[in-house]
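> I have a structure here, written as structure tokens, and I will follow up with some questions on it.
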Amino acid sequence: MQLRDGGEIRADLVIGTDGRASLLRRKAGLDVERGREAYDVLWFKVPRPPGPAAAGEEVQVHLRPGQLCLAFPTFDDRLQVGWILPKGSYGDLKRRGIEEWLGAVVAQVGPELGSHLRAHREALERPFVLDVVCFRLESWQRPGLLLLGDAAHPMSPVGGQGLNIALRDALVAANHLVPVLEAGADPAALDAAAPAVQAERLPEVREVQRLQGQPPRIFFRKGLWVRVLFEVAALLVRSAALRRRARTPRITDTFLNGVCEVKLRV
Ligand SMILES: Cc1cc2nc3c(=O)[nH]c(=O)nc-3n(C[C@H](O)[C@H](O)[C@H](O)COP(=O)(O)OP(=O)(O)OC[C@H]3O[C@@H](n4cnc5c(N)ncnc54)[C@H](O)[C@@H]3O)c2cc1C
């Protein structure tokens, strides 16, 4: 590997975990053509409001057709707000100023959270837009290189799966590579072990990305039945009693437990 200062590091196997914009992916010629997701997420934090959210238990979901806003308490005693909006639309809102886009968020989240956001407008921490990308490589390796995590498969933010999946990749990689390393790290054996990592991980990545694609497809669809669906979903979200009675959907179960068992065996 070539370093910026002209130096060079040589290795029999480089594990590329350099994230969604992976340089190694690009340099290895593994990049693929990909379609664009239909939405971006605007993230920002404000101080935590008093009430249930302060207990760290409540995720607020504000749903309207074509509009979704999530708010949840964070470890650093703030409220993280995620506003999902059609791809590319934030640039225009930003040009019109904070009053304009915050007004749109406030209109979306209703009076209670809305007045909290307005009251803490000055304390609103650096908003930034996450350019949502979601794709996967069908090949994660070249001789001497294995890509893992976002470098091989940037995940959609739906269900917050990116960290889980990247960690599970690392466990499976350890299971396959550590025995080869302990047996003397033969370069050919390392290259032979790398495809086994991909083969074990790809089905879960494929299934989780498929599930992640479902909510946005419904969310950005227009029509009467979608409107009805949103009304029901919004009611469910608001009603603690209905929420308790509802069965955990399969998508949530998969997000919580994964598609298959992954254990560190070395
Ligand atoms: C704004 C945002 C919010 C997210 N929220 C969640 C969430 O709530 N839950 C969740 O599960 N996932 C979330 N994700 C996704 C999650 O962060 C990733 O899926 C996960 O971190 C992937 O892990 P990784 O190790 O593959 O890559 P990363 O965590 O991205 O790590 C890549 C590392 O490589 C380094 N790097 C990149 N290029 C180079 C280079 N050329 N040289 C040296 N180092 C380099 C980077 O600095 C970084 O440290 C979020 C992502 C973003 C962008």
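Rule-based calculations on the coordinates, nothing more; no lab input. Treat the numbers as computed from the prediction; the structure is a model and nothing was measured. Cβ placement follows ideal geometry from the backbone for every residue including glycine, while neighbour counts extend to all protein chains displayed.
> Report the net charge of residues surrounding Gly144, where surrounding means a beta-carbon distance below 10 angstrom and charges are Lys +1, Arg +1, Asp -1, Glu -1.
Local net charge: 0.
> How much net charge surrounds Val205 when only other residues with a Cβ under 10 Å from its Cβ are counted (Lys, Arg +1; Asp, Glu -1)?
+2
> Ala11 versus Glu99, label points 7 Å from Cα toward the beta carbon: distance in nm?
If labels sit at Ala11 and Glu99, their model points lie 5.3 nm apart.
> What is the magnitude of the charge dipole of region 84-142 about its Cα centre, with +1 placed on the Cβ of each Lys and Arg, -1 on the Cβ of each Asp and Glu, and no other charges, expressed in debye to the nearest 20?
On the way: 9 positive and 8 negative charges, 46 e Å.
So the magnitude is around 220 debye.
> So, one more: So, counting K/R as plus one and D/E as minus one, what does the shell of residues with Cβ under 15 Å around Ala183 add up to?
Residues near Ala183 contribute -4 overall.
> How much length is gained on full extension from Ala183 to Cys260, taking 0.36 nm per residue of separation minus their Cα-Cα distance?
Numbers: separation 77, 0.36 × 77 = 27.72 nm, distance 2.79 nm.
Taking 0.36 nm per residue and subtracting the Cα distance, the gain is 24.9 nm.
> If you don't mind, another one. Under 14 Å from the Cα of Lys45, which aspartates and glutamates turn up, not counting those fewer than eight places away in the same chain?
Cross-link targets: Asp76, Asp77, Glu122, Glu125.
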